[in-house]
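Below: the structure, in structure tokens.
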Amino acid sequence: MTPLNLAVLASGGGTNLQAVLDAIASGRLRARVRVVISNKPDAGALDRARRHDIPALHLARDQFPTADAFADHLLAVLSDYQIDLIILAGYLKKLHPRVVQAYRHRVLNIHPALLPSFGGKGMYGIHVHEAVIAAGVKVSGVTVHLSDEEYDHGPIVAQRPVPVLDDDTPESLAGRVLEVEHQLYPEIIQLFAEGRVRVDGRRAYIKDEGSGVRSQGSA
Ligand code: GRF
């Protein structure tokens, strides 16, 4: 089985990128990160990529005359690197519909809460955990889902709960959620590498290693 070719898109520090790279290095994930792309020139994710000799590209809408031109360039880069799966890892920009269409069911995102709660526009970073604590819920968690044209909306592939503790601050909760992100994301990408994810409408199913199919609850 040839390894899955990944493009990782990130706007920030890239700890999820690092978790993916570590999983590849340890043999838990059969994939290659072919290129890392960020809309921020100083994103930590680009530094991490360079340290691993992975092409690190700063690509942003304002470098192009139109949104369509940006999308065409991004599609050309993804095609050059023969990308199988786009991994959004703290990427704060919406992908152009053309990119979503070209990679339908092949764009994964990770969200630091249990969707469909606490998602959508403006729900990123510490804002998510602030909202979770303000709502008084007892359980938060991590969602890995396929991306579609709307923020935090496509079919959910896996969710894993994280308890909200009485004395949690947004920061303490964010830290525990992030640890779970680092475990879950490589595991789910490996399921794609094994060809075990099937999508039907809004539902994603994970095939057992045998022949059966099960829905992925708390993985
Ligand atoms: C993570 O919390 C992820 O869920 C969200 O953005 C954050 C990215 O963190 N989408 P990092 O850049 O991977 O450290």
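The values are calculated or read from the model by the stated rules, or taken from the named source; none is laboratory data. Worth saying up front: this structure is predicted, and the values here are computed from it rather than measured. We place every Cβ from the backbone using ideal geometry, glycine too, and count neighbours over all the protein chains shown. Ligands, DNA and RNA are stripped out before the accessible areas are found, and what is left, the full protein with its side chains, is counted by its heavy atoms. Shrake-Rupley method; radii C 1.70, N 1.55, O 1.52, S 1.80 Å.
Points worth noting:
- Failed item, numbered, when H105 is tested on (1) away from the ligand (no atom under 16 Å from the Cβ); (2) without any contact (Cβ under 8 Å) to a residue 60 or more places away in the chain; (3) not in a helix (DSSP H, G or I): (2)
- None of A31, A49 is aliphatic (A, V, I, L, M), within 21 Å of G195 (Cα to Cα), touching a Pro at 6+ places or on another chain (Cβ under 8 Å) and crowded, with 18+ Cβ neighbours inside 10 Å except A31.
- E150 being open to solvent by 60 Å² or more (accessible area, probe 1.4 Å) and at pLDDT below 95: yes
- Exactly one residue out of D80, D84, D42, D72 is at pLDDT 95 or above and within 15 Å of the ligand (Cβ to nearest atom): that is D42.
- Residue tally, condition open to solvent by 70 Å² or more (accessible area, probe 1.4 Å) and part of a helix (DSSP H, G or I), over the stretch 35-46: 0
- V197 vs. criteria more than 15 Å from the ligand (Cβ to nearest atom) and either crowded, with 17+ Cβ neighbours inside 10 Å or modelled with pLDDT under 95 (or both): yes
- Subset of the stretch 57-102 [without any contact (Cβ under 8 Å) to a residue 24 or more places away in the chain, touching a strand residue (DSSP E or B) at 6+ places or on another chain (Cβ under 8 Å) and among the hydrophobic types (A, V, I, L, M, F, W, C)]: L57, L59
- For first residues located in the stretch 133-144 and more than 14 Å from D166 (Cβ to Cβ), partners that are surrounded by 11 or more Cβ atoms within 10 Å (Cβ to Cβ) and among the basic types (K, R) and lie 6+ apart or on another chain with Cβ distances below 6 Å form the pairs G141/R160; V142/R160.
- Evaluating E209 against the criteria (1) away from the ligand (no atom under 16 Å from the Cβ); (2) at pLDDT 95 or above; (3) within 24 Å of A31 (Cα to Cα) leaves one unmet condition, (2).
- Neighbours by Cβ (under 8 Å, 6+ apart or cross-chain): first from the stretch 14-27, closer than 12 Å to Q190 by Cβ; second crowded, with 18+ Cβ neighbours inside 10 Å and of a type in the set (V, I, T): V20/V8; V20/V33; V20/I87; V20/I189; A23/I189; I24/V33
- Checked against (1) within 11 Å of the ligand (Cβ to nearest atom); (2) of a type in the set (G, A, S); (3) assigned to a strand (DSSP E or B), A7 passes all but condition (1).
- Yes/no for R32 being outside any strand (DSSP E or B), away from the ligand (no atom under 16 Å from the Cβ) and basic (K, R): no
- Considering only residues in the stretch 153-184 that are within 12 Å of V132 (Cα to Cα) and part of a strand (DSSP E or B), the one that is most open to solvent (accessible area, probe 1.4 Å) turns out to be P163.
- Residue check, V99 within 16 Å of the ligand (Cβ to nearest atom), within 29 Å of L4 (Cα to Cα) and surrounded by 14 or more Cβ atoms within 10 Å (Cβ to Cβ): no
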